[in-house]
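One structure is given below, encoded as structure tokens.
We did not get these values from a lab; they are worked out from the coordinates using the rules stated. Since this is a predicted model, take the numbers as computed values, not measurements. As a convention, Cβ positions derive from the backbone with ideal geometry for all residues, glycine included, and neighbour counts pool all protein chains shown.
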């Protein structure tokens, strides 16, 4: 066999192999195109298959990554839409209803349908409902602000023990007015922590308000403890407690325990508390047993 014939046969074999390879690549690209069409039509679970040694494998892996990212964004968008829908439903019930009631009490006073002690009782009821409504709107505002691109913290190194005392001073008259026994234990030892003072105030206020509104208890304990490199602040009550299933979801947006579904409340307070705590580098935990009360614990790292 001459050299020319050998070269011809080698060239023919190379050509055949190239044609076979190009055919395989064309087939894989066609399959990728069909897969992407399915993804475009809404099938986020579609994946492109490719063996590790195939020429199109790197492209398939990249496309699968893009599809996964696309699917995650769609799921997040759907979840956000569902949350917004629930928020609008909540607004309709939790804002319009007390507002209508508030207007009814004020109209009765304005038209002089009630007088004397009854008039004073109507005014006091209207005042309380106005404060409840303001509290609800404040929580909604906090939630929208927290989940917007404009939210920013102003963290600085603060003395957490003193800051906590200043916050709790305002709650003592509330405890006494509502008949709640209280036990506050804040150590004299300073605790330097990187915090946004207003955000920390909101967290603590949300936890205490949760006790007053939903615990059905008569006692609250607030305690600060320091460990090696951390400081913890716990808020405990002797209320009805929560089932283990509720504990799994208690920090989720709009989640309400069964016992609280008919009570006032946005279902956002604990979600806000968790988000703010984590944004300041801390963590929040909950312990509870039915009939034995609940304890929320905030933990922040101490500054060196």
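Among beta bridges identified by DSSP and lying wholly in the range 153-230, the antiparallel ones come to about 45 percent. Full extension of the chain segment joining residue 118 with residue 76 gains 10.0 nm, where the gain is 0.36 nm per residue of separation less the Cα-Cα distance. Note on residue 168 and residue 189: their simple-model spin labels are 1.6 nm apart, each label 7 Å out from Cα toward Cβ. Note on the range 106-206: Rg/Rh from Cα positions, Kirkwood definition for Rh, rounded to two decimals, is 1.13.
Label-to-label distance for residue 127 and residue 218 is 2.7 nm, based on points extended 7 Å past Cα in the beta-carbon direction. Fully extending the segment from residue 34 to residue 69, taken as 0.36 nm per residue of separation minus the present Cα-Cα distance, adds 10.7 nm. Binning the alpha carbon pair distances of the range 156-301 at 10 angstrom intervals from zero yields the distribution 11, 44, 36, 9, 0, expressed in whole percent. Within the range 156-301, DSSP assigns beta bridges of which about 85% are antiparallel (rounded to the nearest 5).
Computed from the Cβ-Cβ distance with R0 of 25 Å, the FRET efficiency linking residue 303 to residue 279 stands at 0.90.
Here the contact order of the range 156-301, divided by its residue count and restricted to Cα pairs under 8 Å and six or more residues apart, works out to 25 percent.
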